[in-house]
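First comes the structure, then the notes that go with it.
The values are calculated or read from the model by the stated rules, or taken from the named source; none is laboratory data. Small disclaimer: the values here were computed from a predicted structure and weren't measured. Methodologically, a virtual Cβ is constructed for each residue, glycine included, from the backbone with ideal geometry; neighbour enumeration extends over all protein chains shown. Just so you know, the surface numbers come from the protein's heavy atoms only, side chains and all, with ligands and any DNA or RNA stripped out. Shrake-Rupley method; radii C 1.70, N 1.55, O 1.52, S 1.80 Å.
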Amino acid sequence: MSYEFDFAFLDEYGPELLRGVWLTLGMTAASVLPGFLLGTLCAVGRLYGPPWVRRVAIVYVEAIRNTPLVIQVFWLFFGLAVLQVRIGAFPAAVLALVINVGAYTAEIMRAGFESIPKGQVEAASCLALTRSQVIWGVQLPQAVERVYPALVSQFVLMMLATSIMSQISAEELTGVAYQIQAFTFRGFEVYLVIAGIYVALAAALRLVLLGCATVAFPRRRRLGTPL
Amino acid sequence: MDATLIADAPAAATDRETMVRFEDVRKAFGTVEVLRGISLEVHRGDVTVLIGRSGSGKSTALRCINGLETINGGRLTVCGRKLHEPGVDLRALRQEVGIVFQSYNLFPHLTAAQNVMLAPRKVKRIGIREARELAREVLAQVGLADKAEAYPEQLSGGQQQRVAIARSLAMHPRLILFDEVTSALDPELTGEVLRVIERLAQGGMTMVLVTHEMGFARSVADQLVFMHQGTVWEAGSGDILRDPQTPELRQFVGNGL
Ligand SMILES: Nc1ncnc2c1ncn2[C@@H]1O[C@H](COP(=O)(O)OP(=O)(O)OP(=O)(O)O)[C@@H](O)[C@H]1O
Ligand SMILES: [Mg+2]
(Lines give C-alpha, C1' and ligand atoms only; values in the text may rest on other atoms or scores of the structure.)
(Ligands and ions follow the chains in the order given, each with its own letter.)
Protein backbone atom coordinates (compact mmCIF):
# COMPACT_ATOMS: atom_id res chain seq x y z
CA MET A 1 0.00 0.00 0.00
CA SER A 2 1.44 3.31 -0.94
CA TYR A 3 -0.05 6.69 -0.29
CA GLU A 4 1.54 9.93 -1.34
CA PHE A 5 1.06 12.55 1.36
CA ASP A 6 0.43 15.96 -0.09
CA PHE A 7 0.44 18.97 2.19
CA ALA A 8 0.58 21.50 -0.61
CA PHE A 9 -2.80 22.90 0.52
CA LEU A 10 -1.03 24.44 3.49
CA ASP A 11 0.55 27.07 1.27
CA GLU A 12 -2.53 27.81 -0.72
CA TYR A 13 -5.05 27.82 2.11
CA GLY A 14 -2.83 29.03 4.93
CA PRO A 15 -4.72 32.31 5.42
CA GLU A 16 -8.08 30.51 5.50
CA LEU A 17 -6.79 28.10 8.12
CA LEU A 18 -5.53 31.00 10.17
CA ARG A 19 -8.92 32.69 9.96
CA GLY A 20 -10.51 29.45 11.14
CA VAL A 21 -8.13 29.29 14.08
CA TRP A 22 -8.91 32.86 15.02
CA LEU A 23 -12.65 32.24 14.89
CA THR A 24 -12.34 29.11 17.04
CA LEU A 25 -10.21 31.02 19.51
CA GLY A 26 -12.52 34.01 19.41
CA MET A 27 -15.63 31.95 20.18
CA THR A 28 -13.83 30.18 23.00
CA ALA A 29 -12.40 33.33 24.51
CA ALA A 30 -15.75 35.07 24.36
CA SER A 31 -17.59 32.16 26.02
CA VAL A 32 -15.38 31.14 28.94
CA LEU A 33 -16.02 33.98 31.36
CA PRO A 34 -19.76 34.49 30.70
CA GLY A 35 -20.23 30.69 30.78
CA PHE A 36 -18.47 30.51 34.13
CA LEU A 37 -20.54 33.37 35.55
CA LEU A 38 -23.81 31.90 34.30
CA GLY A 39 -22.93 28.48 35.69
CA THR A 40 -21.91 29.90 39.06
CA LEU A 41 -25.10 31.93 39.34
CA CYS A 42 -27.13 28.83 38.51
CA ALA A 43 -25.28 26.72 41.04
CA VAL A 44 -25.87 29.31 43.75
CA GLY A 45 -29.50 29.74 42.67
CA ARG A 46 -30.07 26.02 42.75
CA LEU A 47 -28.45 25.56 46.14
CA TYR A 48 -29.54 28.65 48.02
CA GLY A 49 -32.20 30.42 45.98
CA PRO A 50 -35.91 30.58 46.64
CA PRO A 51 -37.94 27.61 45.33
CA TRP A 52 -38.83 29.17 41.98
CA VAL A 53 -35.19 29.99 41.26
CA ARG A 54 -34.23 26.43 42.13
CA ARG A 55 -36.83 25.10 39.73
CA VAL A 56 -35.73 27.38 36.90
CA ALA A 57 -32.10 26.39 37.46
CA ILE A 58 -32.93 22.68 37.45
CA VAL A 59 -34.99 22.90 34.26
CA TYR A 60 -32.27 24.88 32.50
CA VAL A 61 -29.45 22.58 33.54
CA GLU A 62 -31.30 19.39 32.72
CA ALA A 63 -32.64 20.67 29.39
CA ILE A 64 -29.15 21.60 28.24
CA ARG A 65 -27.36 18.56 29.55
CA ASN A 66 -29.80 16.20 27.89
CA THR A 67 -29.85 17.63 24.37
CA PRO A 68 -27.09 17.81 21.75
CA LEU A 69 -25.24 21.08 21.36
CA VAL A 70 -25.94 21.18 17.65
CA ILE A 71 -29.69 21.10 18.30
CA GLN A 72 -29.34 23.90 20.85
CA VAL A 73 -27.44 25.92 18.27
CA PHE A 74 -30.06 25.39 15.56
CA TRP A 75 -32.86 26.05 17.97
CA LEU A 76 -31.29 29.33 19.00
CA PHE A 77 -30.31 30.37 15.49
CA PHE A 78 -33.63 29.60 13.83
CA GLY A 79 -35.64 30.48 16.89
CA LEU A 80 -34.15 33.96 16.89
CA ALA A 81 -34.95 34.24 13.18
CA VAL A 82 -38.57 33.37 13.87
CA LEU A 83 -38.63 36.11 16.50
CA GLN A 84 -37.23 38.45 13.84
CA VAL A 85 -34.11 38.96 15.90
CA ARG A 86 -31.17 39.27 13.55
CA ILE A 87 -27.82 38.40 14.98
CA GLY A 88 -24.76 37.19 13.13
CA ALA A 89 -23.41 33.67 13.17
CA PHE A 90 -20.62 34.58 15.58
CA PRO A 91 -22.77 36.11 18.32
CA ALA A 92 -25.27 33.29 17.90
CA ALA A 93 -22.51 30.71 18.28
CA VAL A 94 -21.12 32.44 21.37
CA LEU A 95 -24.56 32.72 22.91
CA ALA A 96 -25.18 29.01 22.34
CA LEU A 97 -21.80 28.10 23.80
CA VAL A 98 -22.38 30.22 26.89
CA ILE A 99 -25.78 28.67 27.48
CA ASN A 100 -24.37 25.21 26.92
CA VAL A 101 -21.24 25.45 29.02
CA GLY A 102 -23.15 27.36 31.70
CA ALA A 103 -25.24 24.29 32.42
CA TYR A 104 -22.22 22.02 32.82
CA THR A 105 -20.40 24.62 34.85
CA ALA A 106 -23.45 24.88 37.11
CA GLU A 107 -23.16 21.21 38.00
CA ILE A 108 -19.42 21.42 38.56
CA MET A 109 -19.76 24.50 40.76
CA ARG A 110 -22.62 22.93 42.68
CA ALA A 111 -20.34 20.02 43.54
CA GLY A 112 -17.70 22.56 44.58
CA PHE A 113 -20.05 24.42 46.91
CA GLU A 114 -21.30 21.18 48.40
CA SER A 115 -17.80 19.94 49.09
CA ILE A 116 -17.09 22.76 51.54
CA PRO A 117 -17.38 21.57 55.14
CA LYS A 118 -20.49 22.81 56.95
CA GLY A 119 -18.30 24.04 59.78
CA GLN A 120 -16.84 26.70 57.47
CA VAL A 121 -20.25 28.12 56.72
CA GLU A 122 -21.26 27.92 60.36
CA ALA A 123 -18.09 29.68 61.48
CA ALA A 124 -18.62 32.40 58.90
CA SER A 125 -22.21 33.04 59.89
CA CYS A 126 -21.13 33.07 63.56
CA LEU A 127 -18.89 36.00 62.62
CA ALA A 128 -22.06 37.87 61.65
CA LEU A 129 -21.41 37.70 57.91
CA THR A 130 -24.61 37.81 55.87
CA ARG A 131 -25.70 34.78 53.89
CA SER A 132 -24.52 36.33 50.65
CA GLN A 133 -21.20 37.41 52.14
CA VAL A 134 -20.68 33.80 53.18
CA ILE A 135 -21.59 32.49 49.73
CA TRP A 136 -19.51 34.92 47.69
CA GLY A 137 -16.71 35.64 50.12
CA VAL A 138 -16.10 32.33 51.87
CA GLN A 139 -17.63 29.53 49.84
CA LEU A 140 -17.07 30.70 46.25
CA PRO A 141 -13.28 31.10 46.36
CA GLN A 142 -12.87 27.68 47.94
CA ALA A 143 -15.40 26.07 45.61
CA VAL A 144 -13.66 27.37 42.48
CA GLU A 145 -10.32 26.20 43.77
CA ARG A 146 -11.61 22.71 44.49
CA VAL A 147 -13.23 22.16 41.12
CA TYR A 148 -10.77 24.11 38.99
CA PRO A 149 -9.36 21.08 37.15
CA ALA A 150 -12.89 19.99 36.23
CA LEU A 151 -13.66 23.51 35.00
CA VAL A 152 -10.54 23.52 32.83
CA SER A 153 -11.58 20.20 31.23
CA GLN A 154 -15.04 21.54 30.64
CA PHE A 155 -13.77 24.63 28.87
CA VAL A 156 -11.41 22.58 26.72
CA LEU A 157 -14.38 20.40 25.76
CA MET A 158 -16.29 23.54 24.93
CA MET A 159 -13.52 24.73 22.66
CA LEU A 160 -13.56 21.41 20.82
CA ALA A 161 -17.33 21.63 20.57
CA THR A 162 -17.04 24.86 18.57
CA SER A 163 -16.28 22.53 15.66
CA ILE A 164 -19.99 22.23 14.90
CA MET A 165 -20.49 25.95 14.48
CA SER A 166 -19.97 25.87 10.70
CA GLN A 167 -23.49 24.41 10.70
CA ILE A 168 -24.72 27.94 11.22
CA SER A 169 -22.05 29.23 8.84
CA ALA A 170 -19.60 30.38 11.46
CA GLU A 171 -16.57 29.17 9.53
CA GLU A 172 -14.29 28.12 12.34
CA LEU A 173 -11.43 25.69 12.02
CA THR A 174 -13.46 22.59 11.20
CA GLY A 175 -15.65 24.48 8.74
CA VAL A 176 -12.55 25.76 6.95
CA ALA A 177 -11.12 22.25 6.89
CA TYR A 178 -14.25 20.91 5.27
CA GLN A 179 -14.01 23.48 2.51
CA ILE A 180 -10.31 22.86 1.92
CA GLN A 181 -10.76 19.13 1.56
CA ALA A 182 -13.72 19.69 -0.75
CA PHE A 183 -11.46 21.69 -3.06
CA THR A 184 -8.31 19.60 -2.73
CA PHE A 185 -9.64 16.08 -2.14
CA ARG A 186 -6.91 15.78 0.48
CA GLY A 187 -9.21 15.02 3.37
CA PHE A 188 -6.78 12.78 5.24
CA GLU A 189 -3.99 15.33 5.28
CA VAL A 190 -6.33 18.21 5.98
CA TYR A 191 -7.92 16.59 9.00
CA LEU A 192 -4.54 15.41 10.25
CA VAL A 193 -3.36 19.00 10.27
CA ILE A 194 -6.61 20.18 11.84
CA ALA A 195 -6.34 17.59 14.60
CA GLY A 196 -2.82 18.79 15.30
CA ILE A 197 -4.03 22.37 15.51
CA TYR A 198 -6.80 21.41 17.97
CA VAL A 199 -4.25 19.62 20.15
CA ALA A 200 -2.12 22.75 20.18
CA LEU A 201 -5.12 24.99 20.89
CA ALA A 202 -6.25 22.74 23.74
CA ALA A 203 -2.77 22.79 25.24
CA ALA A 204 -2.66 26.57 24.93
CA LEU A 205 -6.08 26.95 26.56
CA ARG A 206 -5.06 24.73 29.47
CA LEU A 207 -1.92 26.78 29.88
CA VAL A 208 -3.83 30.04 29.92
CA LEU A 209 -6.39 28.73 32.41
CA LEU A 210 -3.66 27.41 34.68
CA GLY A 211 -2.05 30.82 34.44
CA CYS A 212 -5.31 32.34 35.62
CA ALA A 213 -5.25 29.92 38.55
CA THR A 214 -1.89 31.13 39.81
CA VAL A 215 -3.28 34.65 39.84
CA ALA A 216 -6.62 33.63 41.37
CA PHE A 217 -5.30 31.32 44.09
CA PRO A 218 -2.46 33.04 45.93
CA ARG A 219 -2.27 30.22 48.44
CA ARG A 220 -1.40 27.72 45.71
CA ARG A 221 1.21 30.09 44.44
CA ARG A 222 2.72 30.63 47.86
CA LEU A 223 2.71 27.01 48.97
CA GLY A 224 3.48 25.59 45.56
CA THR A 225 0.59 23.14 45.80
CA PRO A 226 -0.38 21.84 42.37
CA LEU A 227 -4.03 22.03 41.43
CA MET B 1 -45.15 53.30 75.19
CA ASP B 2 -46.44 49.79 75.41
CA ALA B 3 -47.05 47.89 78.57
CA THR B 4 -44.51 45.13 78.08
CA LEU B 5 -41.71 47.61 77.76
CA ILE B 6 -42.62 49.29 81.02
CA ALA B 7 -42.98 45.95 82.77
CA ASP B 8 -39.57 44.85 81.57
CA ALA B 9 -37.75 48.03 82.43
CA PRO B 10 -36.96 47.35 86.11
CA ALA B 11 -35.77 43.85 85.30
CA ALA B 12 -33.43 45.20 82.66
CA ALA B 13 -31.94 47.62 85.17
CA THR B 14 -31.07 44.93 87.70
CA ASP B 15 -29.83 42.68 84.89
CA ARG B 16 -26.94 44.86 83.99
CA GLU B 17 -24.36 42.40 85.08
CA THR B 18 -26.11 39.38 83.59
CA MET B 19 -24.86 38.60 80.09
CA VAL B 20 -26.72 35.33 79.63
CA ARG B 21 -29.81 34.12 81.40
CA PHE B 22 -31.34 30.71 80.80
CA GLU B 23 -34.76 30.32 82.38
CA ASP B 24 -36.17 26.81 82.17
CA VAL B 25 -34.83 26.47 78.62
CA ARG B 26 -35.93 23.46 76.62
CA LYS B 27 -34.60 22.18 73.35
CA ALA B 28 -35.61 19.08 71.43
CA PHE B 29 -34.28 17.56 68.23
CA GLY B 30 -37.36 15.88 66.83
CA THR B 31 -38.84 13.92 69.70
CA VAL B 32 -35.61 13.78 71.68
CA GLU B 33 -35.48 16.41 74.37
CA VAL B 34 -31.85 17.40 74.74
CA LEU B 35 -32.22 20.35 77.12
CA ARG B 36 -34.85 19.71 79.73
CA GLY B 37 -35.34 22.90 81.63
CA ILE B 38 -32.00 24.64 82.05
CA SER B 39 -31.68 27.66 84.31
CA LEU B 40 -28.38 29.43 84.47
CA GLU B 41 -26.88 32.90 84.65
CA VAL B 42 -23.61 34.16 83.28
CA HIS B 43 -22.30 37.41 84.72
CA ARG B 44 -20.06 39.92 83.07
CA GLY B 45 -16.39 39.12 83.50
CA ASP B 46 -17.07 35.60 84.71
CA VAL B 47 -15.86 32.34 83.28
CA THR B 48 -18.57 29.72 83.24
CA VAL B 49 -17.45 26.19 82.52
CA LEU B 50 -19.85 23.47 81.40
CA ILE B 51 -18.82 19.92 82.12
CA GLY B 52 -20.66 16.66 81.79
CA ARG B 53 -20.77 13.37 80.01
CA SER B 54 -20.96 13.07 76.26
CA GLY B 55 -24.49 13.74 75.10
CA SER B 56 -25.51 15.64 78.23
CA GLY B 57 -26.34 18.72 76.15
CA LYS B 58 -23.32 20.97 76.75
CA SER B 59 -22.76 21.87 73.12
CA THR B 60 -26.44 22.35 72.53
CA ALA B 61 -26.71 24.74 75.47
CA LEU B 62 -23.69 26.67 74.23
CA ARG B 63 -25.00 26.83 70.67
CA CYS B 64 -28.32 28.23 71.89
CA ILE B 65 -26.47 31.25 73.25
CA ASN B 66 -25.50 32.58 69.82
CA GLY B 67 -28.60 31.36 68.07
CA LEU B 68 -27.06 28.38 66.28
CA GLU B 69 -29.90 26.40 67.85
CA THR B 70 -33.32 27.85 68.53
CA ILE B 71 -34.94 26.95 71.80
CA ASN B 72 -38.34 25.28 72.10
CA GLY B 73 -39.34 26.48 75.53
CA GLY B 74 -38.40 28.75 78.40
CA ARG B 75 -36.62 32.08 78.13
CA LEU B 76 -33.11 32.82 77.00
CA THR B 77 -31.72 36.32 77.22
CA VAL B 78 -28.27 37.10 75.81
CA CYS B 79 -26.77 40.59 76.00
CA GLY B 80 -30.27 41.94 76.51
CA ARG B 81 -31.74 40.15 73.49
CA LYS B 82 -34.63 37.79 74.04
CA LEU B 83 -33.85 34.72 71.98
CA HIS B 84 -37.15 33.08 72.93
CA GLU B 85 -39.06 35.76 71.07
CA PRO B 86 -39.38 35.74 67.30
CA GLY B 87 -37.47 38.19 65.13
CA VAL B 88 -34.13 38.17 66.93
CA ASP B 89 -31.44 39.94 64.95
CA LEU B 90 -28.92 37.10 64.86
CA ARG B 91 -26.28 39.12 63.08
CA ALA B 92 -26.40 41.83 65.71
CA LEU B 93 -26.25 39.16 68.42
CA ARG B 94 -23.25 37.48 66.81
CA GLN B 95 -21.30 40.71 66.71
CA GLU B 96 -21.46 40.61 70.49
CA VAL B 97 -21.07 36.89 71.02
CA GLY B 98 -18.07 35.09 69.54
CA ILE B 99 -17.64 31.34 69.31
CA VAL B 100 -14.66 29.04 68.89
CA PHE B 101 -15.15 25.46 67.75
CA GLN B 102 -13.33 22.23 68.36
CA SER B 103 -12.46 21.97 64.67
CA TYR B 104 -11.08 25.54 64.34
CA ASN B 105 -12.98 26.12 61.08
CA LEU B 106 -10.46 28.60 59.77
CA PHE B 107 -10.92 29.65 56.16
CA PRO B 108 -8.17 27.67 54.43
CA HIS B 109 -7.81 29.97 51.46
CA LEU B 110 -7.01 32.98 53.63
CA THR B 111 -3.89 33.78 55.66
CA ALA B 112 -4.10 34.06 59.44
CA ALA B 113 -4.34 37.84 59.14
CA GLN B 114 -6.99 37.62 56.43
CA ASN B 115 -9.00 35.18 58.52
CA VAL B 116 -8.93 37.68 61.34
CA MET B 117 -9.74 40.70 59.17
CA LEU B 118 -12.59 39.22 57.15
CA ALA B 119 -15.47 39.88 59.53
CA PRO B 120 -14.30 43.29 60.79
CA ARG B 121 -13.92 44.36 57.16
CA LYS B 122 -17.19 42.98 55.86
CA VAL B 123 -19.43 43.32 58.88
CA LYS B 124 -18.06 46.38 60.63
CA ARG B 125 -16.75 47.88 57.38
CA ILE B 126 -13.50 49.08 58.85
CA GLY B 127 -10.73 50.24 56.50
CA ILE B 128 -7.88 48.03 55.39
CA ARG B 129 -5.25 49.86 57.45
CA GLU B 130 -7.30 49.70 60.58
CA ALA B 131 -7.99 46.04 59.87
CA ARG B 132 -4.27 45.27 59.50
CA GLU B 133 -3.58 47.02 62.78
CA LEU B 134 -6.38 45.06 64.41
CA ALA B 135 -5.06 41.76 63.02
CA ARG B 136 -1.59 42.53 64.35
CA GLU B 137 -3.04 43.34 67.73
CA VAL B 138 -5.23 40.25 68.19
CA LEU B 139 -2.66 37.86 66.72
CA ALA B 140 -0.13 39.25 69.19
CA GLN B 141 -2.68 38.69 71.92
CA VAL B 142 -2.68 34.95 71.14
CA GLY B 143 1.10 34.87 70.67
CA LEU B 144 1.09 34.58 66.89
CA ALA B 145 2.31 37.98 65.77
CA ASP B 146 4.86 36.28 63.52
CA LYS B 147 2.30 34.05 61.79
CA ALA B 148 0.11 36.72 60.24
CA GLU B 149 1.04 35.75 56.70
CA ALA B 150 0.85 31.99 57.21
CA TYR B 151 -1.97 29.95 55.76
CA PRO B 152 -3.86 27.60 58.09
CA GLU B 153 -2.27 24.49 56.57
CA GLN B 154 1.14 25.87 57.52
CA LEU B 155 0.15 26.07 61.19
CA SER B 156 -0.04 23.45 63.91
CA GLY B 157 -3.41 22.58 65.39
CA GLY B 158 -2.71 24.69 68.44
CA GLN B 159 -1.69 27.65 66.32
CA GLN B 160 -4.78 27.27 64.14
CA GLN B 161 -6.97 27.24 67.22
CA ARG B 162 -5.27 30.38 68.50
CA VAL B 163 -5.90 32.07 65.17
CA ALA B 164 -9.54 31.06 65.53
CA ILE B 165 -9.58 32.71 68.96
CA ALA B 166 -7.95 35.82 67.49
CA ARG B 167 -10.57 35.86 64.74
CA SER B 168 -13.25 35.91 67.39
CA LEU B 169 -11.49 38.60 69.42
CA ALA B 170 -11.22 40.83 66.36
CA MET B 171 -14.95 41.46 66.52
CA HIS B 172 -14.51 42.77 70.08
CA PRO B 173 -17.23 40.50 71.44
CA ARG B 174 -18.73 40.99 74.87
CA LEU B 175 -18.85 37.26 75.37
CA ILE B 176 -16.98 34.34 73.84
CA LEU B 177 -18.14 30.73 73.71
CA PHE B 178 -15.64 27.88 73.53
CA ASP B 179 -16.78 24.38 72.62
CA GLU B 180 -14.13 21.82 73.52
CA VAL B 181 -11.52 23.88 71.78
CA THR B 182 -8.64 21.63 72.84
CA SER B 183 -10.21 18.25 72.23
CA ALA B 184 -8.50 17.80 68.88
CA LEU B 185 -5.07 18.73 70.23
CA ASP B 186 -2.31 16.74 71.87
CA PRO B 187 -1.37 17.73 75.45
CA GLU B 188 1.46 20.05 74.53
CA LEU B 189 -0.65 22.07 72.10
CA THR B 190 -3.59 21.96 74.50
CA GLY B 191 -1.45 23.82 77.03
CA GLU B 192 -0.71 26.72 74.69
CA VAL B 193 -4.39 27.20 73.86
CA LEU B 194 -5.47 26.97 77.50
CA ARG B 195 -2.91 29.60 78.45
CA VAL B 196 -4.45 31.96 75.90
CA ILE B 197 -7.90 31.37 77.37
CA GLU B 198 -6.54 31.85 80.89
CA ARG B 199 -5.04 35.18 79.88
CA LEU B 200 -8.37 36.27 78.40
CA ALA B 201 -10.05 35.33 81.66
CA GLN B 202 -7.57 37.41 83.61
CA GLY B 203 -8.27 40.27 81.24
CA GLY B 204 -11.91 40.18 82.28
CA MET B 205 -13.44 38.61 79.19
CA THR B 206 -16.79 36.96 79.79
CA MET B 207 -16.64 33.38 78.63
CA VAL B 208 -18.67 30.22 78.56
CA LEU B 209 -16.67 27.15 77.83
CA VAL B 210 -17.22 23.46 77.46
CA THR B 211 -14.17 21.39 78.30
CA HIS B 212 -13.03 17.96 79.37
CA GLU B 213 -9.88 19.37 80.94
CA MET B 214 -10.92 19.05 84.59
CA GLY B 215 -7.83 20.66 86.10
CA PHE B 216 -8.24 23.64 83.82
CA ALA B 217 -11.97 23.81 84.50
CA ARG B 218 -11.40 24.00 88.23
CA SER B 219 -8.68 26.61 88.01
CA VAL B 220 -10.33 28.95 85.52
CA ALA B 221 -14.02 28.66 86.43
CA ASP B 222 -15.84 31.31 88.38
CA GLN B 223 -18.88 29.16 87.90
CA LEU B 224 -18.77 25.47 87.20
CA VAL B 225 -21.85 23.74 85.83
CA PHE B 226 -22.21 20.00 85.73
CA MET B 227 -24.79 18.98 83.17
CA HIS B 228 -26.48 15.64 83.21
CA GLN B 229 -29.24 14.36 80.97
CA GLY B 230 -30.10 17.78 79.66
CA THR B 231 -30.33 19.51 83.02
CA VAL B 232 -28.05 21.50 85.29
CA TRP B 233 -27.35 18.79 87.78
CA GLU B 234 -24.95 20.62 90.01
CA ALA B 235 -23.48 24.10 89.85
CA GLY B 236 -21.21 26.21 91.98
CA SER B 237 -17.62 27.39 92.18
CA GLY B 238 -14.72 25.26 90.97
CA ASP B 239 -14.77 23.59 94.39
CA ILE B 240 -17.76 21.43 93.53
CA LEU B 241 -15.28 19.10 91.85
CA ARG B 242 -13.51 18.57 95.17
CA ASP B 243 -16.71 18.01 97.05
CA PRO B 244 -19.45 16.73 94.72
CA GLN B 245 -22.95 16.70 96.21
CA THR B 246 -24.46 14.21 93.76
CA PRO B 247 -23.41 10.65 92.97
CA GLU B 248 -23.45 11.49 89.26
CA LEU B 249 -20.87 14.26 89.61
CA ARG B 250 -18.83 12.13 91.99
CA GLN B 251 -18.76 9.37 89.44
CA PHE B 252 -17.98 11.82 86.63
CA VAL B 253 -15.10 13.34 88.57
CA GLY B 254 -13.87 9.88 89.51
CA ASN B 255 -13.72 8.90 85.86
CA GLY B 256 -12.31 12.18 84.71
CA LEU B 257 -9.35 12.49 87.05
N1 LIG C 1 -28.48 18.56 65.21
C2 LIG C 1 -28.87 17.53 65.99
N3 LIG C 1 -29.86 16.71 65.57
C4 LIG C 1 -30.26 15.68 66.35
N5 LIG C 1 -29.74 15.37 67.55
C6 LIG C 1 -28.75 16.14 68.01
C7 LIG C 1 -28.26 17.25 67.25
N8 LIG C 1 -27.27 17.84 67.96
C9 LIG C 1 -27.15 17.13 69.10
N10 LIG C 1 -28.03 16.11 69.14
C11 LIG C 1 -28.19 15.16 70.24
O12 LIG C 1 -28.37 15.88 71.41
C13 LIG C 1 -27.71 15.28 72.49
C14 LIG C 1 -26.84 16.28 73.18
O15 LIG C 1 -25.82 16.65 72.27
P16 LIG C 1 -24.68 17.68 72.63
O17 LIG C 1 -23.83 17.79 71.42
O18 LIG C 1 -25.28 18.91 73.18
O19 LIG C 1 -23.90 16.91 73.77
P20 LIG C 1 -22.53 17.27 74.45
O21 LIG C 1 -22.80 17.34 75.90
O22 LIG C 1 -21.93 18.44 73.83
O23 LIG C 1 -21.66 15.98 74.14
P24 LIG C 1 -20.11 15.84 73.78
O25 LIG C 1 -19.35 15.89 75.05
O26 LIG C 1 -20.04 14.49 73.15
O27 LIG C 1 -19.78 16.91 72.83
C28 LIG C 1 -26.97 14.09 71.94
O29 LIG C 1 -27.73 12.93 72.25
C30 LIG C 1 -26.94 14.33 70.48
O31 LIG C 1 -27.00 13.12 69.78
MG1 LIG D 1 -20.27 18.76 72.50
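If I ask for residues that are away from ligand 2 (no atom under 16 Å from the Cβ) and open to solvent by less than 60 Å² (accessible area, probe 1.4 Å), which ones from the range B:83-104 would you list? Once the filter is applied, which keeps residues that are away from ligand 2 (no atom under 16 Å from the Cβ) and open to solvent by less than 60 Å² (accessible area, probe 1.4 Å), the range B:83-104 yields B:83, B:84, B:88, B:92, B:93, B:94, B:95, B:96, B:97, B:98. Yes or no: the range B:230-239 includes at least one residue that is open to solvent by 50 Å² or more (accessible area, probe 1.4 Å), within 15 Å of ligand 1 (Cβ to nearest atom) and among the acidic types (Asp, Glu). No, because not a single residue in the range B:230-239 is open to solvent by 50 Å² or more (accessible area, probe 1.4 Å), within 15 Å of ligand 1 (Cβ to nearest atom) and among the acidic types (Asp, Glu). Take the residues of the range B:135-155 that are under 12 Å from residue B:115 (Cβ atoms) and free of Cβ contacts under 8 Å to residues at least 40 places away in the same chain: which is surrounded by the fewest Cβ atoms within 10 Å (Cβ to Cβ)? Checking each candidate, the answer is B:149.
Any residue at all in the range A:132-141 that is in a helix (DSSP H, G or I), away from every other protein chain (no Cβ under 14 Å) and surrounded by fewer than 18 Cβ atoms within 10 Å (Cβ to Cβ)? Within the range A:132-141, none of the residues are in a helix (DSSP H, G or I), away from every other protein chain (no Cβ under 14 Å) and surrounded by fewer than 18 Cβ atoms within 10 Å (Cβ to Cβ). Buried (at least 21 other Cβ atoms within 10 Å of the Cβ), in contact with a strand residue (DSSP E or B) (Cβ under 9 Å, 6 or more places away or on another chain) and among the small types (Gly, Ala, Ser): is that true of residue B:164 in this structure? For residue B:164, the condition - buried (at least 21 other Cβ atoms within 10 Å of the Cβ), in contact with a strand residue (DSSP E or B) (Cβ under 9 Å, 6 or more places away or on another chain) and among the small types (Gly, Ala, Ser) - is met.
Restricted to strands (runs of 3 or more DSSP E) entirely inside the range B:44-147, those with at least 3 residues that are within 15 Å of ligand 1 (Cβ to nearest atom) and either among the β-branched types (Val, Ile, Thr) or touching a strand residue (DSSP E or B) at 6+ places or on another chain (Cβ under 9 Å) (or both) are B:47-52.
Restricted to helices (runs of 4 or more DSSP H) entirely inside the range A:150-227, those with at least 1 residues that are modelled with pLDDT of 95 or more and away from every other protein chain (no Cβ under 14 Å) are A:187-216. Here's a check for you: in the range B:24-43, which residue that is open to solvent by 70 Å² or more (accessible area, probe 1.4 Å) and in contact with a Lys or Arg (Cβ under 8 Å, 6 or more places away or on another chain) is farthest from residue B:206 (Cα to Cα)? Restricting to residues being open to solvent by 70 Å² or more (accessible area, probe 1.4 Å) and in contact with a Lys or Arg (Cβ under 8 Å, 6 or more places away or on another chain), the top hit is B:33. The condition (being farther than 28 Å from residue A:198 by Cβ, open to solvent by 20 Å² or more (accessible area, probe 1.4 Å) and at pLDDT 95 or above) is satisfied by just one residue among A:82, A:59: A:59. Counting just the residues of the range B:66-78 that are more than 12 Å from residue B:35 (Cβ to Cβ) and within 13 Å of chain A (Cβ to nearest Cβ), which one comes out surrounded by the fewest Cβ atoms within 10 Å (Cβ to Cβ)? In this case the residue turns out to be B:68. Among residues that are at pLDDT 95 or above, open to solvent by less than 40 Å² (accessible area, probe 1.4 Å), farther than 30 Å from residue B:171 by Cβ and not hydroxyl-bearing (Ser, Thr, Tyr), residue A:102 is included.
For the range A:115-124, does any single residue satisfy the condition of being within 14 Å of chain B (Cβ to nearest Cβ), free of Cβ contacts under 8 Å to residues at least 60 places away in the same chain and surrounded by 22 or more Cβ atoms within 10 Å (Cβ to Cβ)?
Checked the range A:115-124: at least one residue is within 14 Å of chain B (Cβ to nearest Cβ), free of Cβ contacts under 8 Å to residues at least 60 places away in the same chain and surrounded by 22 or more Cβ atoms within 10 Å (Cβ to Cβ).
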